[in-house]
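Here, each number is a calculation from the coordinates, and none is a lab measurement. Computed from a predicted structure; not experimentally measured. When we count neighbours, we look across all protein chains shown, and the Cβ atoms used for this are built from the backbone with ideal geometry, even at glycine.
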Amino acid sequence: MTATADGGEPAVSKGTVHLVHLYPREMSIYGDLGNTRALASRLRWHGYSAVVHDHHPGAPWPEQVHLVLGGGGQDSGQARVQEDLAVQADRLRGLAADGVPMLMICGMYQLFGQAFVTAEGRRLPGLGILDVTTTGNPTRMIGPVVLDTPIGQVVGYENHSGATVLGEGQEPFGRVRHGQGNNGTDGTEGARTGNVIGSYLHGPILPANPALSDHLLELAATRATGSWEPAEVDDSIAEQAHQRQVRRLLRG
Ligand code: GLN
């Protein structure tokens, strides 16, 4: 575990929020590290201090945790973090049950489910925090995505061989307006239980979806400080990028 105070702290901080990034070496492909950077920067813009803890396999768990992030990875990367994930399983399940916000993308989304069975038939057990099961396929699902979610419209980019099926009663993260989503057939994307969100969307997802970022930060800052006092943030460039993708994909 390495902890780094994010540079450029506000002169008068509204409080310190601790972010944990799970396995940034093995599980951060397609720019998913950008989610952690986006949240740390955004916290600063809102007047909070951010501490990012990179959690590596075998390292001790940080004392304070207000939000947990995980990214995508190759099947081989997923296999490399298995052992540590088993060590941290009860802790992560406890934090999830306690309402700690978490965002798990692609490979880590699969490992937060019941299991991921690779295209070669290897079964990687998951944490079971999300009631989803994934099976690898020879054909990958690749391309830009637009979703409708309870937090608003979300844009991103998917690239996965795993097809994910939701358990009975498992809420998806969103409904697919464009793209494949969990499996290309049932119109669902990702999964959500309490404050834990799993999704296939890279991009990275957070910079182009500021409302989703602030949703996570509100939960994290409230845990850390007892309240959420956002500042005015200029999201015009992010909104442009977001709207451009929506226009291109939904309105032809
Ligand atoms: N290995 C997984 C799959 O292809 C995850 C891929 C990813 O994280 N981008 O389904």
(message) So if each residue of separation counts as 0.36 nm, and I subtract the Cα-Cα distance between ASP186 and LEU250, what length gain in nm does that give?
(response) 21.2 nm
(request) Order by neighbour count: THR222, THR188, THR135, THR36, fewest other Cβ atoms within 10 Å first, most last. (result) THR222, THR135, THR188, THR36
(request) Report the net charge of residues surrounding ASN195, where surrounding means a beta-carbon distance below 10 angstrom and charges are Lys +1, Arg +1, Asp -1, Glu -1. (result) +1
